[in-house]
1. Please pick out the residue among S248, S242 that is among the hydroxyl-bearing types (S, T, Y) and part of a helix (DSSP H, G or I).
2. Quick one: how many residues across region 405-422 are closer than 26 Å to A310 by Cα and either in contact with a His (Cβ under 6 Å, 6 or more places away or on another chain) or buried (at least 21 other Cβ atoms within 10 Å of the Cβ) (or both)?
3. Given the condition modelled with pLDDT of 95 or more, among the basic types (K, R) and in contact with a Lys or Arg (Cβ under 7 Å, 6 or more places away or on another chain), answer yes or no: does some residue in region 120-132 qualify?
4. Taking A364 and the conditions (1) under 22 Å from the mean Cα position of the chain (by Cα); (2) farther than 30 Å from A249 by Cα; (3) outside any loop (DSSP other than H, G, I, E, B); (4) hydrophobic (A, V, I, L, M, F, W, C), which numbered condition does it fall short on, given that it satisfies the others?
5. Report the residue count in region 353-372 for those that are buried (at least 18 other Cβ atoms within 10 Å of the Cβ), over 18 Å from A215 (Cα atoms) and either polar (S, T, N, Q) or touching a residue at least 60 places away in the same chain (Cβ under 8 Å) (or both).
6. Take the residues in region 336-352 that are in contact with a helix residue (DSSP H, G or I) (Cβ under 8 Å, 6 or more places away or on another chain) and either without any contact (Cβ under 8 Å) to a residue 40 or more places away in the chain or assigned to a helix (DSSP H, G or I) (or both); name whichever of them is surrounded by the most Cβ atoms within 10 Å (Cβ to Cβ).
7. Among the residues of region 61-97, which ones are among the aliphatic types (A, V, I, L, M), out of contact with any Leu (no Cβ under 6 Å at 6 or more places or on another chain) and over 13 Å from V255 (Cα atoms)?
8. Between G38, G51, G61, which is at positive phi, at pLDDT 70 or above and surrounded by 10 or more Cβ atoms within 10 Å (Cβ to Cβ)?
Amino acid sequence: MFFRSSRKSSWSSRSLYQKKKALPKRWIFLSIPLVLLGLELFARLAVGAAGKTAELDAFRGEPLNITAYRLKFLDQQGRPFAGLPDHGQLTVKRSPMLGYRLMGNQQNPAWKINEQGFRADQAVSLDKPRDEVRIFLLGGSAAFGQLSSNNQSTIAAQLETRLNQQVAAQKSAPNKFRPDTLPYFADELEKALKLPPRIRETRYRVINAAVPGYASGNELAQLAFEVLPYKPDAIVLMNGYSDLLLPSANEGVDVPEVESLMASAPRHLIASWGNHLDNFFHQFYLVKSVQYWVFRPQTALKQLIPPTEAPVQDRLTTDTKELDQRTTRYRQNLQQVSRLVSASKIPLFIALQPEVSSRAAKPAGREKEILDQLGARYPEQIKTGYTKLQSAIEQVKRETPNTATLNLTETVNTAQGEVFQDAIHLTDSANSAIANRLYDAIVPRLHVQPKPYTGGNVPPS
């Protein structure tokens, strides 16, 4: 009797213990969402108290300056493409003539796009004022100023500043420049001719019409349909690199991967789900805080060569015939550009955009890391391609005397300190060096030729 009672009591105790043991597991399971919610709330409060809310809102798992300049593609109706990454901040809209074009009236802390779709703080009127000289800069992402600090640090803005500073200097100290009319006496004439020449005293506007990712085919269409109606007084074309990356079967760049996504419903669906999942997780400050401050991707080196995210090494070709076809396409597009501007009697300045392997002898800062990331074969591939592109430019120059060419590689190689932020995108100081080189090339076309002395009486000595 006692023995049975003891067993029963022991069994009841064990059963009660098991029940007590099972209870905390349920609570732990049920409390996980509450704990995560609490941590999320704490993360938001901490970020807000630190004044980092806007910074973290913009963070999408990569350096903030990359996201700021990454392209966000919209269709012709202005809707995002399902299946394409949509976390970029620089919005472009698909265009039947241009491939895609920058949307007007958009800005963030790094850049501002005016209502015409040019990178400028102010609008550009189709009706050109009589006292305005317009210089248009065309090209891809390097000309656009990808990764630049702001609009004012781009090549176009710095060139505009230099031209208008020259006008201001002439007005404030006219005796330091050549007079409008040359003096009569030889000694005074000699002294006057030693003074620096004047440029036309007017308002200069350098309009940044470059678009990230554009190749020569896009620039040709843009010139014909969008730029010439603004009556430019000079055109600067800084390009070449995108043409080496673009397959010869393509006339110009377009919204990447759209055709292949539309052709494959399963791929389109998977890519779309992937975007939705990525967007879902990046709503949470808890996730973003860990990524941003623990893993610190904002300090990582990342190549951003638009429009596609594919590595540069995969987009270059090792096939000699294919390379010849790409450079032939480049030459033919330049010829069309040159004929268009020559017909309008507009000076044309063409330059290959600089790229990082030209700094191989004296890389500075992170430039060695950039070269290492691009791989051992990259410098030789680019050298071969650039040699062919330069030959194409020289041929165009021989055919159209109104065309001038510039060597910007020499310009950046004489610049002090770090020049490149990735394979082709320049630091603010390098943009300044190129703006100065363009200034030196363009200013002789703007010189005012002083008139000889034509007075009736010889002035007294």
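The values are calculated or read from the model by the stated rules, or taken from the named source; none is laboratory data. Since we're looking at a predicted model, the values are computed, not measured. With ideal geometry, Cβ positions are generated from the backbone for all residues, glycine too; neighbour counts draw on all protein chains shown.
1. On the way: S248 fails: part of a helix (DSSP H, G or I).
Step by step, each of S248, S242 is checked, and only S242 is among the hydroxyl-bearing types (S, T, Y) and part of a helix (DSSP H, G or I).
2. Just the residues of region 405-422 that are closer than 26 Å to A310 by Cα, to begin with: 409, 418-422.
Filter again for either in contact with a His (Cβ under 6 Å, 6 or more places away or on another chain) or buried (at least 21 other Cβ atoms within 10 Å of the Cβ) (or both), leaving 419-422.
Number satisfying all stated conditions: 4.
3. Looking through region 120-132, at least one residue is modelled with pLDDT of 95 or more, among the basic types (K, R) and in contact with a Lys or Arg (Cβ under 7 Å, 6 or more places away or on another chain).
4. The one condition A364 does not meet is (3).
5. Taking region 353-372 first, the residues buried (at least 18 other Cβ atoms within 10 Å of the Cβ) are 353-359, 363, 367, 370-371.
Of the ones still in play, those that are also over 18 Å from A215 (Cα atoms) are 356-359, 363, 367, 370-371.
Adding the requirement that they be either polar (S, T, N, Q) or touching a residue at least 60 places away in the same chain (Cβ under 8 Å) (or both) leaves 356-359, 370.
Residues in region 353-372 being buried (at least 18 other Cβ atoms within 10 Å of the Cβ), over 18 Å from A215 (Cα atoms) and either polar (S, T, N, Q) or touching a residue at least 60 places away in the same chain (Cβ under 8 Å) (or both): 5 in total.
6. Step one: of region 336-352, the residues in contact with a helix residue (DSSP H, G or I) (Cβ under 8 Å, 6 or more places away or on another chain) are 336-338, 340-341, 344, 347-352.
Cutting the leftovers down to either without any contact (Cβ under 8 Å) to a residue 40 or more places away in the chain or assigned to a helix (DSSP H, G or I) (or both) gives us 336-338, 340-341.
Numbers: Q336: 17, V337: 24, S338: 20, L340: 17, V341: 22.
So, considering only residues that are in contact with a helix residue (DSSP H, G or I) (Cβ under 8 Å, 6 or more places away or on another chain) and either without any contact (Cβ under 8 Å) to a residue 40 or more places away in the chain or assigned to a helix (DSSP H, G or I) (or both), the one surrounded by the most Cβ atoms within 10 Å (Cβ to Cβ) is V337.
7. In the first step, residues of region 61-97 are kept if they are among the aliphatic types (A, V, I, L, M); the result is 64, 66, 68, 71, 74, 82, 84, 90, 92, 97.
Among the residues that remain, those that are also out of contact with any Leu (no Cβ under 6 Å at 6 or more places or on another chain) are: 64, 68, 74, 82, 84, 97.
Matches in region 61-97: L64, A68.
8. Numbers: G38 fails: at positive phi; G51 fails: surrounded by 10 or more Cβ atoms within 10 Å (Cβ to Cβ).
Selected residue: G61, the only one of G38, G51, G61 that is at positive phi, at pLDDT 70 or above and surrounded by 10 or more Cβ atoms within 10 Å (Cβ to Cβ).
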